[in-house]
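Q: Could you have a look at this structure, given as structure tokens, before my questions?
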Amino acid sequence: MKIALLPGDGIGPEIMAEAVKVLDALDLKLETETAPVGGAAYEAQGHPLPESTLKLAKQADAILFGAVGDWKYDKLERALRPEQAILGLRKHLGLFANFRPAICYPQLTAASSLKPELVAGLDILIIRELTGDIYFGQPRGRRVAVDGHFPGTEEAFDTMRYSKPEIERIAHVAFQTARKRNKRVTSVDKANVLETFQFWKDVVTEVHAQYPDVELDHMYVDNAAMQLVKAPKKFDVVVTGNMFGDILSDAAAMLTGSIGMLPSASLDSNNKGLYEPSHGSAPDIAGQGTANPLATILSAAMMLRYSLQQPQAADRIESAVQQVLGSGLRTPDIWSEGTRKVGTREMGDAVVAALTTKTITKS
Ligand code: IPM
Ligand code: MG
């Protein structure tokens, strides 16, 4: 099994190092190869997603991704900005199904910005369509307006669009995933205003006919944003388009106390996937050894479960993380009174130690 490691920018390399340490401790005979991506790749090879990196990603059985982006690249033309690396990987590898779980670990209830009773036991899953919508729709660009409110002036435009098969396949993913959970799906749209999302709603409803055992409801995205912070536990599986999913998943992440805890998976139709923490590159704390590596470590666990058929190894990592949290270790982002503040490396070492202890007690 070959894993492509793409650490990227900012805190990416630091958190990746900890995840690799954890994978190594499992003794699974994984082959890994590292390649540059994002700003780091731009510096080294003049492009955020060099051909060689894309080739490695295509060859590998799974991809573990750190994070990309830094304000210092904001002035580059769009095609050369670090974010294009992740967008390019999603597009070239057909990674259309993005899983973003938001789980509030009991040990971290106090770190949430919401009242503990609203988030204790929270376990929701946002399934975001990842290769369509306004993110990739053509045409897009700048031009001189010929109509609208100010004809003759400069304007910019993007295109929101979804084809029927694109909506169908993500709807199937959502319903099938719901079957393994609590059999409830909320489809989030903006059907009251947008043609694209009226179509989305119609197609999701049509696909639902094949899943009579799963409950489906529809919600407008503005209401969904409100309900997420008002009564998040009402949700189970949420399925939505690329842009709404981008926004809602950040909000959902914060409910759990820290975006530093949340893994994500982006899968193609054969369950080959790219795994990355839900947080970004955090250039403001890069190199300080304070970043939380747990989201990346948990992403590695997701990778073992979804793409590498190693569910037991995934379980081991997840329970090791629980154990470490239970023992009171916290990186600064999840620290609260009465717990012990540790750095990136110490957190990674603690997870490795917890894994090893488990093995000893079992044998
Ligand atoms: C995410 C990020 C990306 C996105 C950026 C970095 C292109 O915000 O994965 O949510 O908008 O999809
Ligand atoms: Mg985002």
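Q: Please give the peptides 212-225, 186-199, 148-161 ranked by average Cβ packing (other Cβ atoms within 10 Å per residue), highest first, as a rough proxy for protection.
A: Most protected by this proxy first, the peptides run 186-199, 212-225, 148-161.
Q: Considering the chain, what Rg and Dmax in Å follow from its alpha-carbon atoms?
A: 20.7, 76
Q: Quick check: convex hull over the Cα atoms of the range 1-114, volume per residue in Å³, rounded to an integer?
A: Per-residue hull volume (Cα only) is 148 Å³.
Q: Still on this model: Taking all protein chains as present, what is the carbon and sulfur share of the accessible area of the range 278-363, in % to the nearest whole number, probe 1.4 Å?
A: 53
Q: If one computes the Cα centroid of the range 311-343 and of the range 195-269, what distance in Å separates the two points?
A: About 27 Å separates the Cα centre of the range 311-343 from the one of the range 195-269.
Q: Please compute the contact order of the chain in relative form: average sequence separation of alpha-carbon pairs under 8 Å and at least six residues apart, divided by the residue count, as a percent.
A: 21
Q: Pop out the Kirkwood hydrodynamic radius of the range 148-274 from its pairwise C-alpha distances, inverse of mean 1/r, in Å to one decimal.
A: Evaluated over the range 148-274, this radius sits at 16.1 Å.
Q: May I pose another question? Mind jotting down the distance between the C-alpha centroids of the range 84-142 and the range 1-54, whole Å?
A: Between the Cα centres of the range 1-54 and the range 84-142 lies a distance of 21 Å.
Q: Then there is this: Output the pairs from K2/K75; K72/K164; K164/K230; K75/K201; K2/K72; K29/K272 with a Cα-Cα distance over 30 Å in this structure; if there are none, say none.
A: K2/K75; K72/K164; K164/K230; K75/K201; K2/K72
Q: OK, next. If packing is taken as the average number of other Cβ atoms within 10 Å across a peptide's residues, how do 88-94, 76-82 rank, most packed first?
A: Highest mean packing first, the order is 88-94, 76-82.
Q: Percent relative contact order of the range 259-363, based on C-alpha pairs within less than 8 angstrom and at least six residues apart?
A: 25
Q: If I model a spin label as a point 7 Å beyond the Cα along the Cα-Cβ vector, how far apart are those points for T34 and R140 in nm?
A: In this crude label model, T34 to R140 measures out at 3.2 nm.
Q: For the range 56-118, which whole-number percentage of the solvent-accessible area (1.4 Å probe, protein heavy atoms only) is attributable to carbon and sulfur atoms?
A: C and S atoms contribute 53 percent here.
Q: Before I look further, what does the chain give for accessible area per residue, probe 1.4 Å, in whole square angstrom?
A: Each residue of the chain exposes 45 Å² on average to a 1.4 Å probe.
The values are calculated or read from the model by the stated rules, or taken from the named source; none is laboratory data. The structure presented is a predicted model; accordingly, all values stated were derived computationally and were not measured. No Cβ is skipped: glycine too gets one built from the backbone with ideal geometry, and neighbour counts run over all protein chains shown. Note: accessible area is taken over every heavy atom of the protein model, side chains too, but ligands, DNA and RNA are not part of it. Shrake-Rupley method; radii C 1.70, N 1.55, O 1.52, S 1.80 Å.
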